[in-house]
1. When segment 43-94 is examined, which residues are found to be closer than 18 Å to Trp116 by Cβ and in contact with a helix residue (DSSP H, G or I) (Cβ under 8 Å, 6 or more places away or on another chain)?
2. So Val101 clears everything in (1) part of a strand (DSSP E or B); (2) more than 20 Å from Asn46 (Cα to Cα); (3) among the β-branched types (Val, Ile, Thr) except one condition, right? Which one?
3. Out of curiosity, is Ile107 in contact with an Asp or Glu (Cβ under 9 Å, 6 or more places away or on another chain), closer than 17 Å to Asn32 by Cβ and touching a residue at least 12 places away in the same chain (Cβ under 8 Å)?
4. So, Val109, is that one within 12 Å of the chain's Cα centre (by Cα) and either on the phi > 0 side of the Ramachandran plot or not basic (Lys, Arg) (or both) or not?
5. Being in a loop (DSSP other than H, G, I, E, B) and at pLDDT below 95 is the filter here, so list the residues in segment 24-53 that pass it.
6. I want to confirm something. Restricting to segment 61-75 and keeping residues that are in a strand (DSSP E or B) and in contact (Cβ under 8 Å) with a residue 24 or more places away in the chain, which single residue is farthest from Ser111 (Cα to Cα)?
Amino acid sequence: MKERLVLLVLSALIIGSYITPLMAQGAPMAYNVHVDFFYPSCSLSNLRVMLNDQTGRVVASTVIPDAFEVTLTYRTPTPANSLTATAFGQASIGSYKTWSVSGSSTISVGSGGDYWITIKMS
């Protein structure tokens, strides 16, 4: 009887040592950041959009030909405190003149989910 108890305890320890690290990893959190752009009376084009975490590391980026809205997705096993969206591109009025514009905006975030941010281009 005592041998069975020792064998049962050892089995539980061995199985637990394999399962615990897997459970500790957890599922990654997903942040879907919907980015809108604002520049009055002008068309925006050729935008490079980057998403940075609170440490300044680029965690997602894309290039879009026409600027309306873009969604950037960031997956991480640890929660983020804030995310910063930055954009660089071109503004124009019709086909007359084109000039460079940029903008940035930061939002506080929780543990995953959908977030909306507007970048005022200047």
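The values are calculated or read from the model by the stated rules, or taken from the named source; none is laboratory data. These numbers come from a predicted model, not from an experiment. With ideal geometry, Cβ positions are generated from the backbone for all residues, glycine too; neighbour counts draw on all protein chains shown.
1. none
2. So the condition that Val101 fails would be (2).
3. When the stated conditions are applied, Ile107 does not pass them.
4. Yes; evaluated as a whole, the condition is true for this residue.
5. Gly26, Ala27, Pro28, Tyr39, Pro40, Ser41, Cys42 - these are the residues of segment 24-53 that are in a loop (DSSP other than H, G, I, E, B) and at pLDDT below 95.
6. The residue in question is Glu69.
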